[in-house]
Structures are given as C-alpha cells and as structure tokens.
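Asks: Starting off with a structure, shown below.
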Ligand code: PMP
C-alpha cells in the first residue's frame, strides 16, 4: 500500500509547507553562531513590524499553554485583580492558569457557542479596579471569534489603565489583529495559523506591558520571565535558555511565507476558505456550531444532522480512513459534532480533498447524502472567489 498521511485538518497542527520542513531538517548550528544570531534578530524584527508592535516580540520553546502562562505572569502581580473571560475550553484553561497565581481573580463566562458580552466586561471593569483583562480571540473549542477591535477600543477608551491580554493561539496568521489596536500582550503558538510545526510560543508585548513587567518585583516564573528574555530578543548573542535553532528557522520561513502572501491577503483567504467550508459542509445537513457573524476564519464546529444517528467516533475515523484528519469536539459539545481546522498554509486542493473525504465518510456511515453535493457547493465558491 502507498503510505499516505492523511491531510491534517485539525485545529493545529496544520499542514507544513515543504520549505518549512526543509528548514526543520537543516544541519543544526549553535544558537550563538553569528549566522543564526542575525537570522533570529531579523525574525524578531519581522514579527514586530508585521503585527505593528511597539514593544517586544518573544519566540520561546514551548506550546501555546506555555505562552498563555507567560503572557499573564508578566503583567499581573500577586494580589492584583485579573478579569478572565471564557466561552469555552481554552478560556476555562486560562481561568485555571490564573487561579494558581494569587491574583484577585474574577471570571465572566458565556455559554458554549456564544461570545462574551462586551457590556458585561465593561460593567465588571467599571465596578472594580482591574489590572489585567484576559480574553480569547478565537475559542478553538467552539469556533467563536470575539469582536476584538471593538473590545480593545472600548477598553482603551473607558478603562485606559487596564492591560489587555489576548489568547491568539487560534487567530494569529489567520484572523485580523494588530497590536496597535490597543492590545498589551498577544500570544500564540507556531502550529496553527502561522503554519509551522508545534514547538514554539510566540508573544507580542506592548511598550507599556514591558514597562509593567519591569516595574514589578521578580516574578515566580523564572523561565517565563520577560525580563530574562528581553536581552535575548534584542540580540540573540545574549543567553538565557538555549534557543531551538531548527524550530526558529522553521518559523522564519513560515513568516517569510506570510509576508510573501501578504498578511491582509492571508486573512482574506482564511475568511474565504472558512465561509466556503461552512457553506459546503452545511449542504450535507451538518449544522455549524456558530452563527455566521461569530464564525472564526480558522476553525469550525459542525454538529451532526438531527436524527442522522451518526456515531461520532465512527464518523471521524471514517473521515480519517478517507484521507483527512478532523478533530473531536470538546467539553459541552463532546460527541455532538466534529471540528475542522482550516488555517495556515492551505491550498484549494486541500480543501477539496477534505470535503470529498467528508462526503465519502458520510456514505460509509450510512448517511443518505448525494455524493458531490458539498463538493459542488465548494467548487462554485472556489471558482467564484
Ligand atoms: N488557546 C487556544 C485558543 C487553543 O486553541 C490552544 C490549543 N488548541 C491553546 C490555547 C493551547 O495551546 P497548546 O495546545 O499549544 O498548548
């Protein structure tokens, strides 16, 4: 049998371009080899420029969860009020992270599939002096995107002293945001919209976030301390922890690809593919987990058609056997549907293969659909777009 890996259509990792894999496979050199130092320094500059950051960008070995912890630890001191908003699995994870750090912690929760209410956030910030507001830009467990620009504008206008920390794990490289919207710390990982393999956390911190960290006493988290990493991010000749050289080369190539496509064009492409996937999968009777106005450009939840009797595990393994890897739902949505990650360096052919695999899986699971229904919708979208 020809060994073919299924298409990686989960919400991270996402398909890795050949040129990125080549960087990962390069012969490793020292992290203080002048050639690497210069490549690293350029990468940090590139990240700051592309996402309009007036402070510092950080590239650190670890996953998105590490970046979540790093982001909040550097701008909130013990005893300060931190307000965390959650509308799903990863917002809840942020509440858990913050609950371990001695903050005066409050949480606003919205039901799964909904967005947190900006009015509720405004009200809570008005009631009590708050140091840090934490939100999730795209909640990967539900596919809901927060209106981040609106939130950032409201926060800056009405609560200018509050620092805004954003989990952009499922948005960077796929959804629109810029640090100059009024974001203080944005965090992401390498393996989603950025299109790289898992292994790196990426953070952008505004000038005032850096000032906040430098005005705080030493923090408990040593490896995650901005103060330890700033000299390295300014010039990789400095040392704090060994830099993951090959991963960084991979990320530099991923950022080069983003620049070549153009960040704005990339975001437009994500919106376009997301809407094409939603229309196409819906045509088979699956129900999107979010209304159109909240739909993320990077990840979608689809509920199984009413009364279809589809078995979740069986369906997802049938999609896998047909050549595409999709994800299970989490938390409140477990078993009721599946998730598709449609982000990163995707091509139209990949999306066509995904939809074709879903159609065949439906038939294999005894679902009465007409083959070609969803493909026809998708093809129309692709030709029209
Ligand atoms: N936040 C969000 C919104 C996520 O989607 C994820 C991962 N799916 C994380 C945080 C955690 O990232 P990681 O799995 O890389 O630790």
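Asks: With the requirement that a residue be within 17 Å of residue 276 (Cβ to Cβ) and either free of Cβ contacts under 8 Å to residues at least 40 places away in the same chain or surrounded by fewer than 20 Cβ atoms within 10 Å (Cβ to Cβ) (or both), what does the stretch 337-376 give you?
Replies: 347, 348, 349, 350, 352, 353, 356, 372, 373, 375, 376
Asks: Sort out which residues of the stretch 51-61 are surrounded by fewer than 18 Cβ atoms within 10 Å (Cβ to Cβ) and either part of a helix (DSSP H, G or I) or within 16 Å of the ligand (Cβ to nearest atom) (or both), and write them in order of number.
Replies: 61
Asks: Going by what's in this entry, would residue 32 be described as assigned by TED's automatic domain parsing to the domain that holds residue 125, away from the ligand (no atom under 16 Å from the Cβ) and part of a loop (DSSP other than H, G, I, E, B)?
Replies: So residue 32 fits the description; yes.
Asks: Here is a follow-up. What's the total number of residues in the stretch 108-121 that are within 16 Å of the ligand (Cβ to nearest atom) and buried (at least 19 other Cβ atoms within 10 Å of the Cβ)?
Replies: Counting residues in the stretch 108-121 that are within 16 Å of the ligand (Cβ to nearest atom) and buried (at least 19 other Cβ atoms within 10 Å of the Cβ) gives 5.
Asks: Right, something else. Please find, among 302, 273, the residue that is in a strand (DSSP E or B) and under 19 Å from the mean Cα position of the chain (by Cα).
Replies: Exactly one residue qualifies, and that residue is 302.
Asks: Identify all residues within the stretch 96-105 that are away from the ligand (no atom under 16 Å from the Cβ) and surrounded by 17 or more Cβ atoms within 10 Å (Cβ to Cβ); write none if there are none.
Replies: 101, 103, 105
Asks: Related question: Considering only the stretch 142-171, how many residues are within 11 Å of the ligand (Cβ to nearest atom) and either in a helix (DSSP H, G or I) or out of contact with any strand residue (DSSP E or B) (no Cβ under 7 Å at 6 or more places or on another chain) (or both)?
Replies: Number of matching residues: 1.
Asks: Can you report the number of residues in the stretch 122-141 which are within 20 Å of residue 68 (Cα to Cα), outside any strand (DSSP E or B), away from the ligand (no atom under 16 Å from the Cβ) and touching a helix residue (DSSP H, G or I) at 6+ places or on another chain (Cβ under 8 Å)?
Replies: 1
Asks: Further, regarding this structure: Going through 126, 115 one at a time, which residue ends up being closer than 24 Å to residue 180 by Cβ and in contact (Cβ under 8 Å) with a residue 24 or more places away in the chain?
Replies: 115
Asks: Taking the options 26, 18, 81, 93, name whichever one is farther than 14 Å from residue 250 by Cα, more than 16 Å from the ligand (Cβ to nearest atom) and surrounded by fewer than 21 Cβ atoms within 10 Å (Cβ to Cβ).
Replies: 81
This table checks each residue for (1) in a helix (DSSP H, G or I); (2) surrounded by fewer than 23 Cβ atoms within 10 Å (Cβ to Cβ); (3) touching a helix residue (DSSP H, G or I) at 6+ places or on another chain (Cβ under 8 Å); (4) free of Cβ contacts under 8 Å to residues at least 24 places away in the same chain.
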position: 251; (1), (2), (3), (4): yes, no, yes, no
position: 257; (1), (2), (3), (4): yes, yes, yes, no
position: 290; (1), (2), (3), (4): no, yes, no, no
position: 306; (1), (2), (3), (4): no, yes, no, yes
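Condition check ((1) more than 25 Å from residue 100 (Cβ to Cβ); (2) outside any loop (DSSP other than H, G, I, E, B); (3) away from the ligand (no atom under 16 Å from the Cβ)) across all residues:
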site: 188; (1), (2), (3): no, yes, no
site: 195; (1), (2), (3): yes, no, no
site: 219; (1), (2), (3): no, no, yes
site: 228; (1), (2), (3): no, yes, yes
site: 241; (1), (2), (3): no, no, yes
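The values are calculated or read from the model by the stated rules, or taken from the named source; none is laboratory data. Source: prediction; values computed, not measured. Quick reminder, even Gly has a Cβ in these numbers, built from the backbone with ideal geometry, and neighbours come from all protein chains shown.
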